[in-house]
Structure formats: C-alpha cells, structure tokens
Amino acid sequence: MKLFCLLVLTVLGIVMFHSANAEVWIPDDEFKSYFDSKGIYAVFGAVRNTNEQPMISTVKINIQDGNKIISSSFTLPPVYPNKDMPFKFKFPQVTSNDPILEKPQLNYEPTLLDPMNVEVIYDKTLVRHTDGHMSGFIMNNGSLPVYGVKLYALIHSKDNNFIDEAESIEKIAKMDPGDKQQFTMYPDPKAASFVAYYSCFVASLNGSNPINMIIQGNNNTFNFAVDSLVYFTQQKFVDDGKTLYLHANDAWPMTTFANFMFPMNSKAENFTVTVDGGQTYALNSLDNSSRGWHVAFNVGHGDHIVLISGFNSSNTVGTSVPEFGPIAFIVLAISIVLILAVSAKTRLKSIN
C-alpha cells in the first residue's frame with residue numbers, strides 16, 4: 001500500500017509540476033485591436049509557447065459592445081516550442097464606435113503533431129514592397145512531403161510596435177522534400193503605410209479554422225472546420241437543426257473559396273448552400289475515410305448571410321468531440337497506477 005501511495009503521489013507530482021510550469025500565454029504588448037479599412041473591428045495578437053511540447057491553443061475573445069457582450073472562441077493551428085502563433089479575428093457584429101476589448105482567455109492542450117520543417121528563404125527574393133506587402137519563398141527542408149501549408153507573421157512599425165498580423169494567401173496543398181513555393185502576405189490597407197518589417201514567420205497547417213458550436217438547449221457541441229480566407233461568425237442552427245446559419249465577411253476584392261468540413265451523420269445527407277437568399281453551386285464529397293463531409297462553394301467580396309441546409313437533424317444535436325484536460329489526464333494516470341498496483345498484488349499472491 002505504501003508503494004501504491006508513493007506511485008500515486010509521484011504521478012500527481014509530475015502532472016502538477018508540468019501544469020504549474022507550462023509557459024503558454026498571450027503577451028500583453030502583442031494583443032491589440034482596431035477598426036480595419038472596411039470598418040470591421042479586428043482583434044490580433046500572438047500565442048507564445050516556451051514549453052517543451054507543441055500545444056493546441058484556444059483563444060476566447062470577449063468584447064463589450066455598447067450594452068451587449070460579444071464572445072467567441074477560436075482554435076489556432078499548433079504553436080510549437082519556442083515559437084509564436086500569430087492570429088487575427090474579425091468581428092463584423094461590433095456596431096459601437098468604442099468597444100472595450102477584455103483580456104483574452106487562453107486554454108491549451110499538448111499535441112503530438114511534429115513541427116513542419118518548412119523555412120522561409122532569407123535572401124534577395126524576400127521582399128517588402130512599397131505598398132507594405134511581403135513576398136518570398138519557403139522551402140521544405142524535411143525528408144517527407146508536407147500538406148496544407150500556410151505561413152503566419154507579425155507586422156511591426158518602425159518603432160517596433162506590433163501593428164497587424166498577416167497570413168499567406170496562396171493555397172499550398174503539398175510540398176515534397178526540397179520543394180520551393182512562393183508566398184505573399186498583405187497587411188490591412190489601413191496599416192500598410194506604417195509597415196517596417198515582418199517577423200515570427202511560422203509555417204503551419206493550412207488555415208482550417210475549427211469551430212466549436214454549442215447546440216441551443218443542449219450542453220453538447222457541434223464541431224466542424226472551415227478552410228477559407230473568409231471570416232465566418234454568428235454560427236447557429238435554424239430550421240430544427242437542419243440548416244446552419246453563418247455570417248460571412250470576405251475582405252478580399254475577389255471571389256473566395258470556402259471548404260466546410262462536417263462530421264458525417266448519414267451518407268444520405270445532401271447539402272445545399274444559399275448566399276444572401278440565392279442558391280449557389282456547392283460541391284458535396286466525402287473525405288477519404290468516409291467519416292466526414294466536405295461542402296465547398298464560392299463567396300463574393302463583402303458581407304453575406306450563408307445558409308447551409310441538408311443536415312440530419314436527428315443526429316445533429318448531440319454531435320460532440322470529447323476534450324481531455326489536465327484533470328482527465330490525472331484521472332487516467334491514477335487509473336493506470338491502480339491497475340498496475342492490483343496487477344502486482346495479484347502476481348505476488350500467485351507467487352506465494
């Protein structure tokens with residue numbers, strides 16, 4: 001029994017030490033907001049990880065907008081050890097002229113994802129142009145192909161102030177070992193004239209933005225992802241769970257592609273999409289594992305109301321993905337120790 005208690009305390013000590021020494025945070029001087037060139041309220045910053053493990057982080061943003069509170073959570077691509085993960089979120093639903101941005105809330109979990117061995121090439125091809133945008137090349141220095149690459153960076157003014165965040169606009173589906181690919185990044189036009197340099201280039205997974213949506217009247221969540229430069233917000237189910245409502249904002253002066261990835265409730269599901277009340281062409285397909293749907297369509301420049309219909313409402317409510325935090329890990333560790341202790345005691349009895 002003494003040995004068992006010692007084992008439990010050792011495991012708990014390791015877990016608690018790891019949790020207490022986890023260094024993942026959002027620096028105060030790298031968390032800011034502004035109204036962009038389109039008049040849309042934007043919040044930008046960076047998650048810093050000085051832990052020894054890669055982390056999946058979720059940032060919760062709270063904004064006091066007049067008499068109402070706007071609250072949204074965003075799950076970021078992995079932030080690797082001794083790296084920053086820049087981010088920028090837009091809130092077209094903010095209507096007051098002086099919103100109050102509260103201190104962000106950050107949750108994070110370790111992940112087994114290995115960093116991409118993709119690096120920016122620092123030579124004469126890396127150019128900051130007179131209009132503030134950046135272009136250059138990245139190379140896969142690893143021994144394996146990488147898929148869905150996106151580049152993120154912080155933007156600074158000449159006095160070293162953090163003024164914006166930028167992401168590569170190219171769709172880089174695959175890079176074989178030794179491959180070079182060009183990238184381009186644009187600041188918001190409102191910040192363009194103040195750009196002095198870009199820093200903290202981070203190559204990571206393509207910008208598939210996971211969204212956790214709480215089902216109304218239910219404690220479960222509906223988890224899906226969006227791969228697009230369009231910002232989708234205000235998501236909710238309508239029509240008894242058969243239709244997903246979203247607000248879309250495409251800040252780019254062009255038609256932009258959006259690829260939604262939904263968990264499969266039934267192979268009989270068939271999705272249709274309307275943008276501002278007019279039906280648009282939507283490509284439906286199952287992923288390679290036949291466990292999820294891809295629904296792809298185009299979104300035009302500006303603000304739009306998007307409705308995606310065809311969900312199996314009997315299965316939509318209750319669709320959830322379990323999340324394991326430190327408490328769950330502690331319980332798992334204790335369970336393992338219990339099993340080992342009982343197993344050892346059984347073996348001792350059999351020997352005696």
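Condition check ((1) under 18 Å from ASP164 (Cβ atoms); (2) exposed (fewer than 13 other Cβ atoms within 10 Å of the Cβ); (3) without any contact (Cβ under 8 Å) to a residue 12 or more places away in the chain; (4) of a type outside the set (Ser, Thr, Tyr)) across all residues:
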| site | (1), (2), (3), (4) |
| --- | --- |
| GLU30 | yes, no, no, yes |
| ASN49 | no, no, no, yes |
| VAL59 | yes, no, no, yes |
| LYS124 | no, yes, yes, yes |
| GLY132 | yes, no, no, yes |
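Tell me yes or no: at least one residue of the stretch 79-98 is crowded, with 18+ Cβ neighbours inside 10 Å, modelled with pLDDT of 90 or more and in contact with a helix residue (DSSP H, G or I) (Cβ under 7 Å, 6 or more places away or on another chain).
no
Can you find even one residue in the stretch 310-329 that is crowded, with 17+ Cβ neighbours inside 10 Å, at pLDDT 80 or above and either in contact with a Leu (Cβ under 8 Å, 6 or more places away or on another chain) or outside any strand (DSSP E or B) (or both)?
Checking the stretch 310-329: at least one residue is crowded, with 17+ Cβ neighbours inside 10 Å, at pLDDT 80 or above and either in contact with a Leu (Cβ under 8 Å, 6 or more places away or on another chain) or outside any strand (DSSP E or B) (or both).
Restricting the first residue to the stretch 253-279 and requiring it to be farther than 28 Å from GLU170 by Cβ, which pairs with a second residue that is exposed (fewer than 11 other Cβ atoms within 10 Å of the Cβ) meet a Cβ separation below 9 Å and a spacing of at least six or different chains?
That search, which allows pairs on different chains as well, returns PRO263/ARG291; MET264/SER290; MET264/ARG291; LYS267/SER290.
Looking only at the stretch 156-180, which residues are over 20 Å from the mean Cα position of the chain (by Cα) and buried (at least 19 other Cβ atoms within 10 Å of the Cβ)?
Of everything in the stretch 156-180, those that are over 20 Å from the mean Cα position of the chain (by Cα) and buried (at least 19 other Cβ atoms within 10 Å of the Cβ) turn out to be PHE162, ILE163, MET175.
The values are calculated or read from the model by the stated rules, or taken from the named source; none is laboratory data. Predicted model, so just to flag it, every value in this text is computed and none were measured. Every residue, glycine among them, receives a Cβ derived from its backbone with ideal geometry; neighbour counts consider all protein chains shown.
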